[in-house]
Each structure stands twice: as structure tokens, then as C-alpha cells.
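Bear in mind these aren't lab numbers, they're just calculated from the coordinates by the rules spelled out. Worth saying up front: this structure is predicted, and the values here are computed from it rather than measured. Cβ sites come from the backbone with ideal geometry, for glycine too, and all protein chains shown count toward neighbours.
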Amino acid sequence: MSQVEALLDLHDKFAHLCRASALSMLNRVDPYGTLVLSSNEMNQFISEIEAELLRVEDPELKEFLQGVLRLARDCHADKETQLRLDGD
């Protein structure tokens, strides 16, 4: 398997958002571990990212979430792709 693209959460804003989230898919993200999501899980993941985008005001975090959303949509479109969320 090859890597298509990577996003870096340099200030751990996404990690903090996920840790504090009441949304089940985002709450599964481990800031120190790895979570691999299949294309079958993308519908829920996409809806949770979209929900967070509506409430987030931080421009840097909003831009990062838009990047995650784009990758999630790409993963959803290609059934052979996985989205990998790696912590520290």
C-alpha cells in the first residue's frame, strides 16, 4: 500500500478536538496511536467532520478539517483506500 497524501497537525488542534468530541468516530482517534478507517466507515467519519466544521471558529483548525474532509471523500470514492490517522 502506498501513501497518497499526508496532513500534519503541528499544533495538535485536531488531536484535541477529537479527544474532546462527543461524536463516536472522532472520539476513537488516539493522539498517541493509529486508527485506520476503511472506505466503508467514511460516511460516518465525513458527517462528523462536517459537523465539527460548522462549529469550529479557529481558521487553522477549519483549514485542517477541510483537508481531512477532502481525504475522507477521496477514500470514500475509492473502495480500495484507507484513511490512516497516526498520533505522536
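Exposed loop sites, defined as GluC sites (Glu not before Pro) outside DSSP H, G, I, E and B with at most 10 other Cβ atoms within 10 Å, are absent from the longest region of the chain, namely 6-56. By the count of other C-beta atoms within 10 Å, a proxy for reagent exposure, Val68, Val36, Val56 are ordered fewest to most as Val36, Val56, Val68. Rg and Dmax over the alpha-carbon atoms of region 13-86 stand at 11.5, 34 Å. Remark: Phe14, Phe64 ranked as Phe64, Phe14, counting other beta-carbon atoms within 10 Å and listing the fewest first. Along the axis of the charge dipole computed for the chain (Cβ charges of +1 for Lys and Arg, -1 for Asp and Glu, origin at the Cα centre), the listed residues Ala6, Phe64, Leu85 are led at the positive end by Leu85.
Per DSSP helix of 4 or more residues, -39500 (n - 2.57); summed, then divided by the residues of the chain. What does that give at 222 nm, rounded to the nearest 500?
Working: 4 runs with 45 residues, N = 88.
One gets -15500 deg cm²/dmol as the mean residue ellipticity at 222 nm.
Each Lys and Arg adds +1 at its Cβ and each Asp and Glu adds -1 at its Cβ; summed about the Cα centre, the chain shows a dipole of about 200 debye.
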